[in-house]
Amino acid sequence: MMKTEQEKENILIMSGNYAAAWGAKCSNVNVISAYPITPQTTVVEKLSDFVDNKELDAKYIRVESEHSVMAALVGSSMTGARSFSATSGQGLLYMAEMLHWVSSSRLPIVTTIASRGIAPPWNIWADYTDILSIRDCGWIIQFASTHQEIFDSILMAYKIAENPEVSLPYFVVYSGFSQSHTSKPVSIPEQQRINKFLPILPEDGWGHLNLNPDKPVTFGNLVMPEQEYLDFRFMIHDSMVKSKKNIHDTINLFNQSFGRDYGGLVEKYMCDDAEVILISYGGLAEQSKDAVDKLRDQGNKVGLFKLRYIRPFPNEELIELFNSGIKVIGVVDQGTAFGNPTGGPISTEVMSLLNHTKNRIDVLPCIWGIGGRNVSVDDQIGLFEKLLYIKNNNEYPTDETCQHGTVWMGLKTGI
Amino acid sequence: MITTKELLKIESVKPELFLAGSSSCAGCPSVLALRWALKALGKKTVVVSPACCANVYIGLWPKASPAVPYINMAFAAGASAAAGVVAGYESLGKKDINVLTWAGDGGTVDIGIQALSGAIERNTNFIYACYDNEGYMNTGTQRSSSTPKYTVTTTTPTGKHMHKKDISQIVAAHDIPYVATCLATDPVDVYNTFMEAKAIHGPKFIHILTPCAPGWRFDVANSIDMGAMAVKSGFFILWKQVNGRLEIKKKSLRYMDKQKRIPVGDYLKGQGRFSKLTKEQIDDMQNWVDKRCEKISARAEYEANL
């Protein structure tokens with residue numbers, strides 16, 4: 001479809017991190033707080049340029065730790081200011097206490113994560129263990145697997161998070177280096193059109209919480225066990241589950257506004273007639289499409305089921321998949337959960353929904369790309385071949401990378 | 001600077017911003033200090049309070065004594081969250097709102113010192129007040145780095161081994177526009193100090209010695225005297241540093257003369273937490289007090305002549 005003059009977009013070549021910085025800039029954020037950490041650092045460097053060169057009218061608090069980053073954003077968001085940060089790995093873990101403070105205060109803060117491995121030993125490469133280990137703290141968690149998606153997601157994130165029905169903070173997650181430091185074209189729409197899409201910042205702050213001396217409220221006092229603490233917790237979960245509707249609505253509105261369709265909480269690729277499906281998320285899931293294409297060329301009925309969101313969790317979409325006649329699924333984590341049933345957090349969560357189908361489905365959990373370990377298209381094809389083996393032979397593979405029922409792709413055994 | 005007489009006059013004139021019925025321990029001087037701090041700062045004030053006694057004494061949900069916006073905050077985040085509030089208001093063009101961090105000594109001297117140092121270094125326009133009751137009183141009297149030497153607490157059952165950290169001097173070393181010490185048990189001092197701080201742009205730090213009857217183990221009826229004795233013995237020195245120039249407050253000035261000071265033992269022996277002090281230990285404390293008084297007097301004199 002030809003774009004009108006007004007709809008023309010400015011296409012710039014930029015890194016994933018710069019796409020995040022542009023996303024924050026174009027979202028007209030009021031307050032930024034940040035602390036340097038690899039591989040996120042160039043996000044906050046770029047934002048410093050924007051602010052100091054007066055291309056972005058925001059207050060930038062360059063704090064002395066990530067704990068202070070998120071504490072400062074709690075303060076700024078409580079005044080009704082649109083607030084943003086970016087972090088990675090250790091920094092995200094250092095924020096952990098304040099992440100709960102944000103969600104329990106129901107503040108619509110948006111933060112981008114360039115995910116990296118957790119130390120020791122030091123590791124700065126792609127690995128989602130950082131975000132996965134704080135997945136239950138009440139933030140919406142969305143993976144962006146292209147540079148364009150990083151930029152677009154931030155605009156949508158504020159739209160979703162600031163909706164009074166949602167009032168929850170929002171993480172946009174992408175992988176360190178493989179996305180943060182590679183460069184691709186990103187299309188930036190005219191700011192006026194973005195402004196029309198963005199939510200209007202309420203003049204008197206958020207409806208539930210507003211630091212206004214004319215209407216004083218004490219926030220966060222001690223609540224006794226028989227009072228409403230439990231009920232407040234339920235409301236966070238309830239809003240998170242119900243946010244699925246707002247997510248869908250926002251994705252649709254974004255598509256109407258800018259002509260890019262992100263589908264929903266999941267992205268299905270060649271799933272319709274597939275018998276073998278790989279469930280995955282993040283940057284490597286985008287690459288899985290190449291593996292699917294190659295295997296399809298050879299006549300294999302394989303597909304990719306990409307999780308764009310893990311909080312809220314796409315229960316309904318997964319249950320529909322389980323009831324679609326598929327025989328074998330592989331579920332891949334690029335992160336670890338030591339000692340849990342599968343060793344990977346998302347594979348365990350996906351399997352927890354299997355009791356919603358009467359169909360027999362074989363599941364092979366997999367862990368790949370830990371600490372930036374390379375996963376090639378051929379490696380992905382190798383995993384699909386294991387899944388096809390299960391379908392054809394009705395037995396699980398027994399090679400050395402399969403440990404405790406999970407494939408640890410590329411595992412060096414006998415160390 | 002107002003006098004006691006004037007203070008009594010304004011008590012009913014200035015709006016009451018910390019309402020009666022709080023859930024503090026009886027006679028808590030920290031509540032007294034907060035009440036007078038808020039009278040000085042006025043209605044257009046927001047309070048950020050990291051984990052400390054205040055989280056409890058402001059009232060249990062849904063009751064609350066503060067009549068200004070009041071945020072309960074994570075332990076380490078008193079200064080950083082306040083910095084965020086300041087930035088938020090600035091970004092939205094909302095002016096003339098005082099942002100006050102109201103923290104205990106644990107939240108200031110221990111877990112919150114990094115965020116405090118950062119907020120000051122960044123020249124945040126706020127007031128950070130530390131009501132120093134010399135220990136973790138909210139959790140039942142554990143030692144903090146602001147607990148004096150030899151104090152018996154639940155985590156120093158045979159007495160603490162080191163002196164209290166001099167937080168105001170640490171803060172003063174940041175070249176902060178305003179730092180002052182004051183006494184929670186002296187409303188005139190509290191009021192005047194906060195009035196002075198309010199008029200200054202940039203970070204302001206106020207260190208408030210706050211006698212704590214349950215934690216220090218003395219009769220709550222003696223709280224006011226206890227505060228006065230801390231000053232008369234030279235154990236706690238009232239001073240301020242405005243734009244880099246240190247000055248000893250009038251109320252402490254005469255006690256910089258050793259002859260006029262009461263022995264520190266007289267101050268300590270009224271408190272159950274020091275009941276097992278030996279003569280040598282009291283001498284050690286006296287020596288510590290004398291050296292501190294000498295040092296700060298010399299500095300004040302030097303700076304007065306600059």
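The values are calculated or read from the model by the stated rules, or taken from the named source; none is laboratory data. Every value quoted in this text rests on a predicted model; they were computed, and no experiment measured them. No Cβ is skipped: glycine too gets one built from the backbone with ideal geometry, and neighbour counts run over all protein chains shown. All accessible areas refer to the heavy atoms of the entire protein, side chains included, with ligands and DNA or RNA removed. Shrake-Rupley method; radii C 1.70, N 1.55, O 1.52, S 1.80 Å.
Tabulated values for the structure
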{"item": "Selection status of A:L201, assigned to a loop (DSSP other than H, G, I, E, B) and touching a Phe, Trp or Tyr at 6+ places or on another chain (Cβ under 7 Å)", "result": "no"}
{"item": "Positions within segment B:90-117 being free of Cβ contacts under 8 Å to residues at least 40 places away in the same chain, facing another protein chain (nearest Cβ under 8 Å) and open to solvent by 10 Å² or more (accessible area, probe 1.4 Å), in sequence order", "result": "B:E90, B:S91, B:L92, B:K94, B:Q114"}
{"item": "Residue count for segment A:81-100, restricted to those that are at the interface with chain B (Cβ under 8 Å from one of its Cβ atoms) and surrounded by 24 or more Cβ atoms within 10 Å (Cβ to Cβ)", "result": "3"}
{"item": "Subset of segment A:64-76 [facing chain B (nearest Cβ under 7 Å) and open to solvent by less than 10 Å² (accessible area, probe 1.4 Å)]", "result": "A:S65, A:S68, A:A71, A:A72, A:L73, A:V74, A:G75, A:S76"}
{"item": "Within segment B:128-140, tally of residues that are touching a residue at least 60 places away in the same chain (Cβ under 8 Å) and buried (at least 24 other Cβ atoms within 10 Å of the Cβ)", "result": "9"}
{"item": "Qualifying residues in segment A:110-128 (those that are more than 14 Å from the chain's Cα centre (by Cα) and not small (G, A, S)) - the one nearest to A:G176 (Cα to Cα)", "result": "A:W125"}
{"item": "Output for segment A:375-408, where each listed residue is β-branched (V, I, T) and open to solvent by 40 Å² or more (accessible area, probe 1.4 Å)", "result": "A:T398"}
{"item": "Subset tally (residues that are hydrophobic (A, V, I, L, M, F, W, C), within 7 Å of chain A (Cβ to nearest Cβ) and closer than 21 Å to B:T141 by Cβ) for segment B:44-59", "result": "2"}
{"item": "Any hit, segment A:350-360, residues being surrounded by fewer than 16 Cβ atoms within 10 Å (Cβ to Cβ), outside any helix (DSSP H, G or I) and under 23 Å from the mean Cα position of the chain (by Cα)", "result": "yes"}
{"item": "Condition met for B:P69 (within 13 Å of chain A (Cβ to nearest Cβ) and either open to solvent by 30 Å² or more (accessible area, probe 1.4 Å) or in contact with a helix residue (DSSP H, G or I) (Cβ under 7 Å, 6 or more places away or on another chain) (or both))", "result": "no"}
{"item": "Yes/no for A:R296 being open to solvent by 10 Å² or more (accessible area, probe 1.4 Å) and touching a Phe, Trp or Tyr at 6+ places or on another chain (Cβ under 8 Å)", "result": "no"}
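Matching residues to (1) assigned to a strand (DSSP E or B); (2) open to solvent by less than 10 Å² (accessible area, probe 1.4 Å); (3) within 28 Å of A:L253 (Cα to Cα):
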{"site": "A:K159", "(1), (2), (3)": "no, no, yes"}
{"site": "A:E165", "(1), (2), (3)": "no, no, yes"}
{"site": "A:F171", "(1), (2), (3)": "yes, yes, yes"}
{"site": "A:Y174", "(1), (2), (3)": "yes, yes, yes"}
{"site": "A:S180", "(1), (2), (3)": "no, yes, yes"}
{"site": "A:K184", "(1), (2), (3)": "yes, no, yes"}
{"site": "A:N195", "(1), (2), (3)": "no, no, yes"}
{"site": "A:K215", "(1), (2), (3)": "no, no, no"}
{"site": "A:V223", "(1), (2), (3)": "no, no, no"}
